[in-house]
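Accompanying notes for the structure given below.
The values are calculated or read from the model by the stated rules, or taken from the named source; none is laboratory data. In this text the structure is predicted, and so the values were computed from the model without any measurement. Cβ sites come from the backbone with ideal geometry, for glycine too, and all protein chains shown count toward neighbours.
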């Protein structure tokens, strides 16, 4: 999707205090072997705000002191937002922008942040204005062990927000594209439908799933989706891979991050993984928080091109090219 009039008008993030991985190992929460292999150095762990409250805090930073009118709030997440059988997006909308702004929950697992940005772009293409995208999670539900439920990630708490605008901002999203292979959806549920009371174990579910779709076939199909989507977004952005100056992936372990950059054909030194290794995997918020980190620390300057790389169960993969055009407010 070419997006000639799509801008980043604001960014926000809320990250609670970090728990050092070494401390988790000493407490017996995480094994020393996993810590060494995964490369995660610390994880954000909330002890005050529920996920929806963290989303509001990130949203207020993105909106700034004199926010423009917002047409819609798109809120995305993986886990509980603070209450059961409840839609969190209206809460985020009410507390961030007002009671008369529609809030929509967007559920596409770890790809949700960028999927919401793409949906927001389509809203803005029809009428302009601003759309607020938020993502937040707090991974402390019963039966969810943030340290051990997935061999490919350690889960951190936090929130990110991005204010999309059709008439200017400090960065421009030049293109955004999504690729799918819905035939891979069972990776996160195994070879059946697990009972709801079972502890979450993505590693075990993935192993059962590979009895149906072998590992080699699974990886090849994911690689095909990523490479085709990458080619599409570069073409639509009118740029080339060698002009990408930084890249913000979904946070996984270091071996998974390195594998992703080999698929993309990019130098892994462009990655924000070093920052992500201090937060853990923030669910749908990784890309929003990673871009916020680059902008607020001065790691990108006008003229830089940032690649946002989403990905989540489904399999869905959204990529966006963001051109920095000015200084963030």
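Considering 89, 35, which residue is free of Cβ contacts under 8 Å to residues at least 60 places away in the same chain and closer than 21 Å to residue 272 by Cβ?
35
Kindly establish whether residue 3 is at pLDDT 95 or above and touching a helix residue (DSSP H, G or I) at 6+ places or on another chain (Cβ under 8 Å).
Against the criterion (at pLDDT 95 or above and touching a helix residue (DSSP H, G or I) at 6+ places or on another chain (Cβ under 8 Å)), residue 3 does not qualify.
Whether any residue in segment 181-189 is at pLDDT below 95, in a loop (DSSP other than H, G, I, E, B), touching a helix residue (DSSP H, G or I) at 6+ places or on another chain (Cβ under 9 Å) and surrounded by fewer than 21 Cβ atoms within 10 Å (Cβ to Cβ) is what I want to check.
Taking every residue of segment 181-189 in turn, at least one turns out to be at pLDDT below 95, in a loop (DSSP other than H, G, I, E, B), touching a helix residue (DSSP H, G or I) at 6+ places or on another chain (Cβ under 9 Å) and surrounded by fewer than 21 Cβ atoms within 10 Å (Cβ to Cβ).
Would you pick out the residues in segment 125-164 that are in contact with a helix residue (DSSP H, G or I) (Cβ under 9 Å, 6 or more places away or on another chain), closer than 30 Å to residue 326 by Cα and surrounded by fewer than 20 Cβ atoms within 10 Å (Cβ to Cβ)?
129
Considering only segment 1-120, give the helices (runs of 4 or more DSSP H) lying wholly within it that have at least 3 residues that are within 20 Å of the chain's Cα centre (by Cα) and in the same structural domain as residue 148 (by TED's automatic domain parsing). If you could, list the steps in order and put the result at the bottom.
Numbers: elements: 21-26, 32-38, 51-63, 89-96.
Filter on segment 1-120 gives 51-63, 89-96.
Could you check how many residues of segment 1-60 are surrounded by fewer than 18 Cβ atoms within 10 Å (Cβ to Cβ), closer than 30 Å to residue 168 by Cα and touching a strand residue (DSSP E or B) at 6+ places or on another chain (Cβ under 6 Å)?
Result for segment 1-60: 2.
Run down 278, 269 and say which single residue is surrounded by fewer than 22 Cβ atoms within 10 Å (Cβ to Cβ), out of contact with any strand residue (DSSP E or B) (no Cβ under 7 Å at 6 or more places or on another chain) and modelled with pLDDT of 95 or more.
Details: 278 fails: out of contact with any strand residue (DSSP E or B) (no Cβ under 7 Å at 6 or more places or on another chain).
Answer to the check: 269.
Report yes if residue 328 is in contact with a strand residue (DSSP E or B) (Cβ under 8 Å, 6 or more places away or on another chain), farther than 23 Å from residue 78 by Cα and in a loop (DSSP other than H, G, I, E, B), otherwise no.
yes
I need a count of the residues in segment 61-80 that are within 21 Å of residue 311 (Cα to Cα) and in contact with a strand residue (DSSP E or B) (Cβ under 6 Å, 6 or more places away or on another chain).
Residues of segment 61-80 within 21 Å of residue 311 (Cα to Cα): 74-80.
Narrowing the set further to residues that are in contact with a strand residue (DSSP E or B) (Cβ under 6 Å, 6 or more places away or on another chain) leaves 74-79.
Qualifying residue count, segment 61-80: 6.
Tell me whether segment 198-207 contains one or more residues that are closer than 30 Å to residue 103 by Cβ and in a strand (DSSP E or B).
The first filter runs over segment 198-207 and keeps only residues closer than 30 Å to residue 103 by Cβ, leaving 200, 202.
Applying the additional criterion that residues be in a strand (DSSP E or B) yields none.
So far as segment 198-207 goes, no, none of its residues is closer than 30 Å to residue 103 by Cβ and in a strand (DSSP E or B).
Determine which member of the set 226, 263 is in contact with a strand residue (DSSP E or B) (Cβ under 6 Å, 6 or more places away or on another chain) and outside the structural domain of residue 35 (by TED's automatic domain parsing). Talk me through it step by step, then tell me what you get.
Working: 263 fails: in contact with a strand residue (DSSP E or B) (Cβ under 6 Å, 6 or more places away or on another chain).
Step by step, each of 226, 263 is checked, and only 226 is in contact with a strand residue (DSSP E or B) (Cβ under 6 Å, 6 or more places away or on another chain) and outside the structural domain of residue 35 (by TED's automatic domain parsing).
Considering only residues that are part of a helix (DSSP H, G or I) and either outside the structural domain of residue 292 (by TED's automatic domain parsing) or touching a residue at least 24 places away in the same chain (Cβ under 8 Å) (or both), look in segment 236-254 and name the one that is nearest to the chain's Cα centre (by Cα). Walk me through how you get there before you give the answer.
Of segment 236-254, the ones part of a helix (DSSP H, G or I) are 236-237, 241-243, 254.
Among the residues that remain, those that are also either outside the structural domain of residue 292 (by TED's automatic domain parsing) or touching a residue at least 24 places away in the same chain (Cβ under 8 Å) (or both) are: 236-237, 241, 243, 254.
Working: 236: 22, 237: 21, 241: 21, 243: 23, 254: 17 Å.
Only one residue fits best here, namely 254.
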